[in-house]
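One structure is given here, and the rest of the page talks about it.
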């Protein structure tokens, strides 16, 4: 079912070169992303972080095939990407499970699209769900699941067809902090076993460092790649690592990069000085005193 | 697949063990009373759990009884306060008529004929309006071509079509079915179209990422996503179908429950007027119940 890997060709090499994308408005073209270069090696876990509205999701959607670059190229294993397809599995922030399909039918959907017969499809979906700890819920409709369970189904559904790469668009953004940590571990575990390339978009710096081999940091609009940071933390990664000095140093570095961009994204009035002024005004007083 | 399954299995097994989200704790309705409860206690629990529904039934019954009582008193004393109840038949008189009508093949024929017209007109409307709405929702050119015409025709009440309908169709029966069809056609079309415009584009993208092509996106995403709105359209359409049918029968019919009611007035059979009215009400109620039931069957994910 999975395309034969006997010929051990590199699978899942993403190359985004000189990528630019602009929208037409009444005032002329507005650039969302400009001159972005991103690559993901086969089996690598790469994240893109940046302030909101910087175009990181735009970039991901172009790799998924939903958007076409205005200029530049997007290729997977050397072939230009032309529209969405099952070789790029996608996980969405809003889960995007089909509400009218049961958990198992959701997982089966991609397999059905490839023409797999019902018997094999059911068996494959059951196995995958069992492994994700969701067996008891296979005949539930998504509405009845918790957010963490929904996203587990979302990930399993995207992996079921054996894609070359997995694209995730802030997949854990809507989850509470505890569930998010568990989901991060589930994802890294699956990724390590499957040796699949991952492109992960998030605005959560800790998440990006904890999960990735490399992190791209994007600038405010028009978005472009500001920095590329290798994460040399050893694997498997444990939650305790998030307290290590190595982790914290990486975190500080990324934080200051992002902070600059976030302030830019919020407009000229909010600069560092203004923020400092605010904290000075409040010094020694409670908010109630001020108001 | 085997490979993926095995690898995911290993990955999953670890993480699930770590996950502080035990499957059983999250299942809301798998808890069964641990000890067998005696039937009396069970009955008590059932009453307790359903007290809101029981209350609604009891209050509803009281309300209906009060309505019948008011009707009875108003007609018994032939109240005449601007509104005249002098000629209005009493509940007892209507009941007596009803019992007689139940054995009267002519009355039953009127009812059956109206039902036949509703079924034909309504089904025809559903069979044409639902696919048309889906196509208009999916293809912009179809929408741009058809929508202006439907918008012009839609505000015309089905009753206003009676003269035109008589001209268009060779038989009276066909023109009445046509008017019933028109009444339900537009609510079904407009609701289907509206449902199509509300389909979450992210679900379409999700399907595309899983390898779905145009036909399967239509079948597995657009259609089920629109279904709740289709059923809203069918419910509204059924209501308007009855309104249109009764009006058409009163104006140009020779049979049917609408004609029966109108004829009763001409023949000074006042109890029959009320019998006809109640019959129309019950048939309308029954047909919307059927549509609700079909909706539940067609959309199991929306239960409870």
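Laboratory data are not the source of any read-out in this text; all were calculated from the coordinates shown. In this text, all values refer to a predicted model and were calculated from it rather than measured experimentally. Methodologically, a virtual Cβ is constructed for each residue, glycine included, from the backbone with ideal geometry; neighbour enumeration extends over all protein chains shown.
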When the convex hull of its Cα atoms is projected in every direction, mean area for chain A (nm²): 19.5
Over chain B: helical MRE at 222 nm, DSSP H runs n ≥ 4 each giving -39500 (n - 2.57), nearest 500: -25500 deg cm²/dmol
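Restricting to DSSP H runs of at least four residues, report the calculated mean residue ellipticity at 222 nm for chain A, -39500 (n - 2.57) per run over all residues, nearest 500 deg cm²/dmol.
Values: 9 runs with 109 residues, N = 291.
Value at 222 nm, helices only, nearest 500: -11500 deg cm²/dmol.
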Degrees between helix B:51-76 axis and first principal axis of chain B (Cα, 0 to 90, nearest 10): 10
Number of partner chain Cβ atoms within 10 Å, mean per residue of A:121-129: 3
Order of A:54, B:279 under a 10 Å beta carbon neighbour criterion, fewest first: B:279, A:54
Residue B:154-residue B:172 pseudo-label distance in nm [points 7 Å out on the Cα-to-Cβ vector]: 3.4
Relative contact order %, chain B, counting alpha carbon pairs below 8 Å whose residues are six or more apart: 18
Calculated FRET value between residue B:66 and residue B:127, using beta carbons and R₀ = 51 Å, to 0.05: 0.75
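How big is D for the protein assembly as shown, in µm² s⁻¹ as a whole number, if Stokes-Einstein is applied with the Kirkwood radius of its Cα pairs at 25 °C and 0.890 mPa s?
83
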Translational D in µm²/s for chain B (Stokes-Einstein at 4 °C, 1.567 mPa s, Kirkwood Rh from C-alpha pairs): 53
Relative contact order for chain A, counting Cα pairs under 8 Å that sit 6 or more residues apart, in percent: 24
